[in-house]
Amino acid sequence: MGTIKTLNKWANAHTYYPLDLLRIVLGVFLFTKGISFMANSQILMDLFSPIQNIAGGMITVHYVAPAHFIGGALIAFGLLTRWAIIAQLPILIGAILINFVGEMNTTNLVVATITLLVCIFFLFYGSGKHSADYYFKMQQ
């Protein structure tokens, strides 16, 4: 717990608007991907076709869309950012691995890799000073 407090203090001392904007853009991107997967679940099923025979495949399909939808909203507002990103990491790692198991789609690979790297950055950086987490912490 002390490590998280230390990271939060460092992040709040070194917060900048472009980083907050990047966090919001990441959250909106994940939110729109969640909406896209909910609206057209066949796209998601096609993405999972290389691993459809693995146990838990249907559970995974039902985990991805809500995790992106809810996690994206939380990340955009800066509320429970680290927890929301932890929920995104298995999905993004799976998105990268699917490109190597199935048909290689370089655009999806690049987008998934960049999203994973930005998520890992915010996993350590936190939500920053301009977030709901910081606001609620200051209200205590």
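Quick notes
- Test: residue in the stretch 48-64 that is at pLDDT 75 or above, under 26 Å from SER131 (Cβ atoms), surrounded by 18 or more Cβ atoms within 10 Å (Cβ to Cβ) and out of contact with any Gly (no Cβ under 6 Å at 6 or more places or on another chain): yes
- Meets criteria (loosely packed, with under 13 Cβ neighbours inside 10 Å, at pLDDT below 75 and in a helix (DSSP H, G or I)) for MET45: no
- Listed by first and then second residue, the pairs linking a residue in the stretch 76-101 that is on the phi > 0 side of the Ramachandran plot and touching a residue at least 24 places away in the same chain (Cβ under 8 Å) to a residue that is surrounded by fewer than 17 Cβ atoms within 10 Å (Cβ to Cβ) and small (Gly, Ala, Ser), with Cβ atoms under 6 Å apart and 6 or more places separating them unless they lie on different chains, are GLY78/ALA132.
- Close Cβ contacts (under 7 Å, 6 or more residues apart or on different chains) running from residues in the stretch 118-140 that are farther than 14 Å from ALA76 by Cα to residues that are of a type outside the set (Asp, Glu) and at pLDDT below 80 comprise PHE124/LEU7; TYR125/ALA11.
- Scope the stretch 85-95; condition buried (at least 16 other Cβ atoms within 10 Å of the Cβ) and either under 12 Å from THR115 (Cα atoms) or in contact with a Phe, Trp or Tyr (Cβ under 6 Å, 6 or more places away or on another chain) (or both); matching residues: ILE85, GLN88, ILE91, LEU92, ALA95
- Residue ID - farthest from the chain's Cα centre (by Cα), chosen from residues in the stretch 20-43 that are free of Cβ contacts under 8 Å to residues at least 24 places away in the same chain and within 20 Å of TYR125 (Cα to Cα): LEU21
- Considering the stretch 65-84, and only residues there that are small (Gly, Ala, Ser) and modelled with pLDDT under 90, the residue that is nearest to LEU19 (Cα to Cα) turns out to be GLY78.
The values are calculated or read from the model by the stated rules, or taken from the named source; none is laboratory data. Everything numeric here is computed off the predicted structure, so don't read it as measured data. All Cβ positions, glycine included, derive from the backbone under ideal geometry; neighbour counts span all protein chains shown.
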